[in-house]
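J.: Right, I'll just put the structure down here and ask away after.
The values are calculated or read from the model by the stated rules, or taken from the named source; none is laboratory data. The structure displayed is predicted, hence computed values, not measured ones. We place every Cβ from the backbone using ideal geometry, glycine too, and count neighbours over all the protein chains shown. Areas reflect the complete protein model, heavy atoms only, side chains present, ligands, DNA and RNA absent. Shrake-Rupley method; radii C 1.70, N 1.55, O 1.52, S 1.80 Å.
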Amino acid sequence: MSTVLGLVIAVVPSVVLASQISGFVLSVPWWQLAVLAVALYLAAFLAALHSAHKLSVTEAGSG
């Protein structure tokens, strides 16, 4: 969850500031940034899911 929060804190002000600068063109296309954001969200979700699964299997085995 902290990864998602960090990404929101970093991206939202950047997008707002970029929209306020007239003639601003980002050197990296927005769609590539969106793909990167989705990849980060997915990686964080899958890591949390994997960790939770390992934890539940470990607890079930010791209980």
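J.: Go through (i) 215; (ii) 35; (iii) 63 and flag the label whose value is the computed volume of the Cα convex hull per residue in Å³ for this structure.
T.: Only one option fits the structure, namely (iii).
J.: Can you send over the solvent-accessible area of Ile9, 1.4 Å probe, protein chains only, in Å² to the nearest 10?
T.: 110
J.: Right, something else. Are there any chymotrypsin sites (Phe, Trp or Tyr not before Pro) in the chain that are in a DSSP loop and have at most 16 other Cβ atoms within 10 Å? List them by number.
T.: Phe24
J.: Rounded to the nearest 500, what is the chain's calculated 222 nm mean residue ellipticity when only DSSP H runs of at least 4 contribute -39500 (n - 2.57) each, over all residues?
T.: Computed mean residue ellipticity for the chain: -29500 deg cm²/dmol.
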